[in-house]
Amino acid sequence: RPRVVAVTGTNGKSTTTALIGWVLKQAGLTVHVGGNIGIGVLALPEPTPDAVYVIEVSSYQLDLTTSFTPDVAILTNVSPDHLDRHGGMEGYVAAKRRIFAAQGPDAVALVGVDETWGQGVFDALHAAGRHTVSISTDPSAAGQEGYAARAGAVLKDGEVIADLSAARSLPGRHNAQNAAFAYAAARALGVSHEAAVEGLLTFPGLAHRMEAVGHIGSVRFINDSKATNADAARQALSSYPSVFWIAGGVPKAGGIADLADLFLRVAKAYLIGEAADAFAVTLGSTPHLVSKTLDAAVTAAAADAHEAFLASGVEQIVLLSPACASFDQYPDFEARGEAFRAAVLNLGAAPEATA
């Protein structure tokens with residue numbers, strides 16, 4: 001049978017899936033990537049003994065799984081999502097941990113342990129004698145067999161094993177954590193250290209996830225349309241010291257209240273969709289504008305960012321990271337991201353060169 005890498009988690013699973021597929025392909029393996037990302041599993045090429053299937057799986061799919069046996073199973077992180085479907089947080093976590101349930105004795109489990117729920121999954125697997133590897137953004141929590149991540153680096157036993165400073169598609173600590181998962185998965189499949197690191201450094205990025213779509217002078221436009229909840233938006237906001245932030249759509253429970261500690265990084269917010277008025281209240285004294293539509297938000301943010309550059313001489317970032325679902329104005333986050341790209345290019349922005 002072909003080997004299978006399966007990835008789940010609340011956030012980061014699509015980037016991690018795409019990144020693993022890229023690293024393995026650059027190492028010369030025959031790789032098919034699909035599932036919740038891109039091509040459906042049943043539409044992927046027929047299995048061949050030398051192939052590796054890298055599959056993103058959702059909690060909905062795992063909830064129905066009884067005999068899924070990935071060679072490498074990954075849980076990136078766990079935070080509240082889809083709780084109505086799973087009857088609360090315990091049911092949601094139980095669905096996620098099913099990715100490990102039928103793994104064989106030689107299989108590897110990679111678990112993000114930055115949240116209490118993930119740490120609990122790791123502890124249970126480890127106590128059961130499973131081959132379990134922790135991934136953390138806290139070096140002290142990584143464990144003897146684990147990996148740690150900080151912005152721009154993957155670490156093992158406190159030492160940098162992959163310098164990501166040249167990997168322009170992997171900014172921020174959360175992307176370093178995604179890189180740690182990809183590195184660990186590649187190594188578990190026999191890829192050399194050198195090939196794994198080279199793959200990380202050449203990753204071109206994932207559409208709609210921290211994707212640089214263009215620039216006008218020293219104003220860069222970042223498409224993070226895939227950030228459909230506040231936890232995902234936190235990763236993007238944490239990656240830049242200052243942003244002109246476009247947010248809104250159909251809000252999730254709690255809205256953006258949990259992001260209050262990052263509001264100091266928001267030079268100004270531009271609010272769209274159903275959530276605009278409620279988000280304006282949450283932002284309080286943080287500069288903001290109720291733009292309602294994405295086109296209006298992009299136009300206003302671009303103008304304000306340009307003025308900020310003229311005043312400071314420092315590159316400015318316009319960030320679409322909605323912290324919301326898209327269904328009030330767009331059929332999905334992809335359509336919203338493409339609308340953002342079109343609005344940026346319509347202002348005369350130069351497209352970013354691909355890696």
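The values are calculated or read from the model by the stated rules, or taken from the named source; none is laboratory data. Computed from a predicted structure; not experimentally measured. Glycine gets a Cβ as well: all are built from the backbone with ideal geometry, and neighbour counts include every protein chain shown. Accessible surface is based on the protein model in full, side chains and every heavy atom, while ligands, DNA and RNA are left aside. Shrake-Rupley method; radii C 1.70, N 1.55, O 1.52, S 1.80 Å.
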**OP:** Show the residues, 5+ positions off or on another chain, whose built amide H is closer than 5 Å to the amide H of VAL108.
**Re:** VAL72, ALA73
Original post:
Given the Cα-Cα distance of ASP258 and PHE309 and 0.36 nm per residue of separation, how much length would full extension add, in nm?
Top reply: 15.5 nm
Subject >> Ratio Rg/Rh [Cα only; Rh per Kirkwood] for the chain >> reply: 0.97
Original post:
For region 96-189, what proportion of DSSP beta bridges, expressed in % and rounded to the nearest 5, is antiparallel?
Top reply: 55 percent
**OP:** Give me the accessible area of TYR240, 1.4 Å probe, in Å² rounded to the nearest 10.
**Re:** 30 Å²
Subject >> Size-normalised alpha-carbon gyration radius of region 1-61, reference 2.2 N^0.38 Å >> reply: 1.05
Subject >> Rg and Dmax of region 299-351, Cα atoms only, in Å >> reply: 13.1, 39
Subject >> FRET efficiency, PHE327 to THR69 (Cβ-Cβ, R0 30 Å, nearest 0.05) >> reply: 0.30
**OP:** Taking the Cβ of ALA297 as the centre, find all other residues whose Cβ is under 13 Å away and add up their charges (Lys, Arg: +1; Asp, Glu: -1).
**Re:** +1
Original post:
What's the center-to-center distance, using Cα atoms, between region 209-241 and region 1-80 in Å?
Top reply: 25 Å
Subject >> By accessible area with a 1.4 Å probe, ligands and nucleic acids excluded, highest first: order of LYS156, LYS25 >> reply: LYS25, LYS156
**OP:** Nearest 5 is fine: what % of DSSP beta bridges in the chain come out antiparallel, could you say?
**Re:** 30 percent
**OP:** Mind putting together the pair-distance distribution for region 121-261? All Cα pairs, 10 Å bins, whole percent per bin, short to long.
**Re:** 11, 34, 33, 19, 3, 0
Subject >> region 281-296 and region 147-167: distance between their alpha carbon centers, rounded to Å >> reply: 36 Å
**OP:** With a 1.4 Å probe and every protein chain kept in, tell me what percent of the accessible surface of the chain is carbon plus sulfur.
**Re:** 53 percent
Original post:
If you plug each phi of region 217-225 into the Karplus form 6.51 cos²θ - 1.76 cosθ + 1.60 with θ = phi - 60°, what whole-Hz ³J(HN,Hα) values come out, in order, with x for Gly and Pro?
Top reply: x, 9, 10, 9, 10, 10, 9, 10, 4
Subject >> Burial order of peptide ranges 162-169, 60-67, 201-208 (average beta-carbon count within 10 Å, highest first) >> reply: 201-208, 162-169, 60-67
**OP:** Name the long-range amide H neighbours of ILE246: under 5 Å, sequence gap of 5 or more, or other chain; modelled H, no Pro or chain starts.
**Re:** TYR270, LEU319, LEU320, SER321
**OP:** Express the accessible area of the chain per residue in Å², computed with a 1.4 Å probe while the remaining protein chains stay in the model.
**Re:** 42 Å²
**OP:** For TRP117, TRP245, TRP22, write out the residues from largest to smallest accessible area, computed with a 1.4 angstrom probe and no ligands counted.
**Re:** TRP117, TRP22, TRP245
**OP:** Determine by what factor the alpha-carbon radius of gyration of region 1-142 differs from 2.2 N^0.38 Å, reporting the quotient.
**Re:** 1.01
